[in-house]
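One structure is given here, and the rest of the page talks about it.
The values are calculated or read from the model by the stated rules, or taken from the named source; none is laboratory data. Please read all numbers here as calculations on a predicted model, not as lab measurements. Cβ atoms come from the backbone with ideal geometry, glycine included; neighbour counts cover every protein chain shown.
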Protein chains: 2
Amino acid sequence: MPLPDWEPDYANRAARMSASEIRELLKLLDRPEIICFAGGIPDPALFPREEVADAYAEIMGDPELASAALQYSVSEGYPPLRHWIAEHMRALGAPCDVDNIVITSGSQQALDFLARLLLSPGDTALVTWPTYLGALQAFNAYEPRYDRIAPADTGRTATAYAEAAARGAKGGRVKYAYAVPDFANPTGATMTLAERERLIALTRELDVPIIEDAAYSALRYDGEAVPSLLALEARRSGHVDGTRILYCGTFSKTLTPGLRVGWICAARPVVRRLVLIKQASDLNSPLANQMVMHRLAESAYDRQVALARERYRTRRDRMLAALARHMPKGVTWTTPEGGLFVWLKLPARVDGAELLKRSVDTARVAFVPGRAFFADGTGADTIRLSFSLAGEEEIETGIARLAGIVEA
Amino acid sequence: MPLPDWEPDYANRAARMSASEIRELLKLLDRPEIICFAGGIPDPALFPREEVADAYAEIMGDPELASAALQYSVSEGYPPLRHWIAEHMRALGAPCDVDNIVITSGSQQALDFLARLLLSPGDTALVTWPTYLGALQAFNAYEPRYDRIAPADTGRTATAYAEAAARGAKGGRVKYAYAVPDFANPTGATMTLAERERLIALTRELDVPIIEDAAYSALRYDGEAVPSLLALEARRSGHVDGTRILYCGTFSKTLTPGLRVGWICAARPVVRRLVLIKQASDLNSPLANQMVMHRLAESAYDRQVALARERYRTRRDRMLAALARHMPKGVTWTTPEGGLFVWLKLPARVDGAELLKRSVDTARVAFVPGRAFFADGTGADTIRLSFSLAGEEEIETGIARLAGIVEA
């Protein structure tokens, strides 16, 4: 009996689903001989394991807390955690209340939900070239077109963007801009205040919101902090409710990614919609995880951020020094002020995906080829290196080995 | 400064997002004077709290396990848990392998993902009238039309369904049938073997898959088990890979809903697609929760199912007896062989939503009005009662009080 052919069953959107090179590469982490510069993976040595253990023990040891933790719970999230996050957002310069916060399963789910709320097929999302691959994957399910924003490039007017969006087969509109203003994935670049204001001005003219992905914002190693897009707009209007910024935060890079706790901070009408989306898509995030994250946030957030900054600053410095020492002429890279990534431009004749194959086989170094981060499929001569997971000696060795095959 | 108006920003699908009466009612659970027959909420007294506590302590107490549990993990789910589930599915008569299993955040996420994979706007989903409200909410995000399947009603041919689907404004196709064959939410009804075969025949003729929602299947209190749609088809083809059944399972009603662990068992090409959807939507379910659920499944599944059956059987019997004793003439109800629900038909002049308002105010009894379970908005004279959460005395008291106001 022949097996059923499923292809004709799928929705139109299925044509745009593709495997993440990053996620596939996660499987390489199990091979100890590979030095891994792939993935935006925090160093597990930093995880506050004992506090997590204590928090679970406290919750599960108390019959009343345990009953709540193991039961269904409200879609908007655990109220004490939402209160902590609202206070945290206020400390970051964004006046808001608990009703401006909805809990998501990491900021990946935040991106999925926001695209689901905003995009009809054929609408346009404005993104940078390159941008976070996981954002493109989340957005793709809702069949957008992409157009390019470039902080430094002020050549195109709002009208030009709107006209380009309307020229699509389905006559869509620009629905939002997506940006990672601090230490962007994949480039490590940080938008200057002037670039932030320019993006805000463009989206105001287009009358569209901005999805601000702040996944790495807490991880600054040097330089002056620049206010978030949300803080800039909330100061002007006096409250997050007056802004058009949809801020995605996460504990994944500061406390732990494994509990899958992130949040969206946005105007109340949007949050109410997002709660409905949460309800329809998975009812609620596990309450036990939210209770644990609340305890971690209360007791360990500042300390963990300080630890992470120290650890990753050292590794960034080591990676930048090793790149300078080993890389042949014709390779250039970014100098990130924070985050987890350095972005390399290879000599034009070198293909990043091709280099990865050679690298895993001969240099035993993993990284992510850059092309997947480009909505238009360009960027073949770029690669992303993460300095978060490998130790300092490994960084030195890995970069030397990688440099050896770039030249070849 | 006026606040931004967000309505023009939303995607077309947003028009179909509405608050769940069930989820809103969860908030009533906090009011101790209300006897709650709402929600499909397991009795928290059954939760294996100590085993959960031990499992978390074991995992977080081991540096290696804890590092994995608190890190990102693979989208398809924790391999030992997937192995356990594959074995469980085989024991239920569905030959399959670990690659036929993907872990989801409860079966609600399974419904969301399957609709995302299959539905383009304007396609048709076949559902019963009434059907699980949460399924309608999940499906609505992908803008389907609904058509009615009724196990007992064989009047319509496959051609008639296909033609009705093509008559939509967007010329869609029938893409799947959705069914809860055992102790359905909301009616408590179980499909006979003949009804299952009839549904399979209809979908075979339409060449569409069936989403089989098995959320309550383990909770049978009397009568003979009927094979799942998946088991019927897998026996014929020899393996799940040869079937068109997309089986959604969950630990929510047997072990605990709070950890949010469910699964889909389906043909491999579909599972590969679903893993991509999982990746794009929330990367992975929390690994710690999956590790704990694996330990619970290994050590406590059979015992917990036996406990739940005993507890809920007693409560079902008490509710059916109380209904017979107290309800006025003109009220009829189902006699479920399992699950959590009894479904009432009120006298025609009584509106379920209206009754709820009076009930919360004067009888202090909560339940779910039936209309939300009907894709066509009918069913105003129906209500759903759950017997899972209230104690026996409360059931007696609550039904007596409710009967008192139905008459009024």
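Just a few scattered comments:
- Test result for A:V261, among the aliphatic types (A, V, I, L, M) and under 29 Å from A:V52 (Cβ atoms): yes
- Among the residues listed as B:R349, B:R318, B:R313, B:R303, the single one being away from chain A (no Cβ under 14 Å), farther than 30 Å from A:M293 by Cα and touching a Phe, Trp or Tyr at 6+ places or on another chain (Cβ under 7 Å): B:R313
- Qualifying residue in the range B:248-267 (condition: over 24 Å from A:S281 (Cβ atoms) and of a type outside the set (A, V, I, L, M, F, W, C)): no
- Of all residues in the range B:326-375, those that are farther than 21 Å from B:Y216 by Cβ, under 18 Å from the mean Cα position of the chain (by Cα) and small (G, A, S) total 0.
- Residues in the range B:249-271 that are of a type outside the set (A, V, I, L, M) and farther than 15 Å from B:N289 by Cα: 6 in all.
Residue-wise test of (1) assigned to a helix (DSSP H, G or I); (2) surrounded by fewer than 20 Cβ atoms within 10 Å (Cβ to Cβ).
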{"residue": "B:K329", "(1), (2)": "no, yes"}
{"residue": "B:L344", "(1), (2)": "no, no"}
{"residue": "B:E354", "(1), (2)": "yes, yes"}
{"residue": "B:A375", "(1), (2)": "no, no"}
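- Qualifying residue in the range B:146-161 (condition: modelled with pLDDT under 95 and at positive phi): no
- For the range B:246-275, the set of residues classified as part of a helix (DSSP H, G or I) and touching a residue at least 24 places away in the same chain (Cβ under 8 Å) consists of B:R268, B:V270, B:V271, B:R273, B:L274, B:V275, listed by residue number.
- Qualifying position, being among the small types (G, A, S), touching a residue at least 40 places away in the same chain (Cβ under 8 Å), farther than 23 Å from A:R295 by Cα and not in a helix (DSSP H, G or I), among A:A165, A:A135, A:A177, A:A150: A:A177
- The single residue among B:I59, B:I103 that is part of a helix (DSSP H, G or I), surrounded by 21 or more Cβ atoms within 10 Å (Cβ to Cβ) and more than 7 Å from chain A (Cβ to nearest Cβ) turns out to be B:I59.
- A:A184 meets the conditions (1) crowded, with 24+ Cβ neighbours inside 10 Å; (2) touching a helix residue (DSSP H, G or I) at 6+ places or on another chain (Cβ under 7 Å) in every case but one. The failed one is (2).
- Failed condition for B:R318, given (1) assigned to a helix (DSSP H, G or I); (2) closer than 25 Å to B:A135 by Cα; (3) not hydrophobic (A, V, I, L, M, F, W, C): (2)
- Just one of the numbered conditions (1) modelled with pLDDT of 95 or more; (2) of a type in the set (A, V, I, L, M); (3) under 29 Å from B:L255 (Cα atoms); (4) surrounded by fewer than 20 Cβ atoms within 10 Å (Cβ to Cβ) is not true of A:L81: (4).
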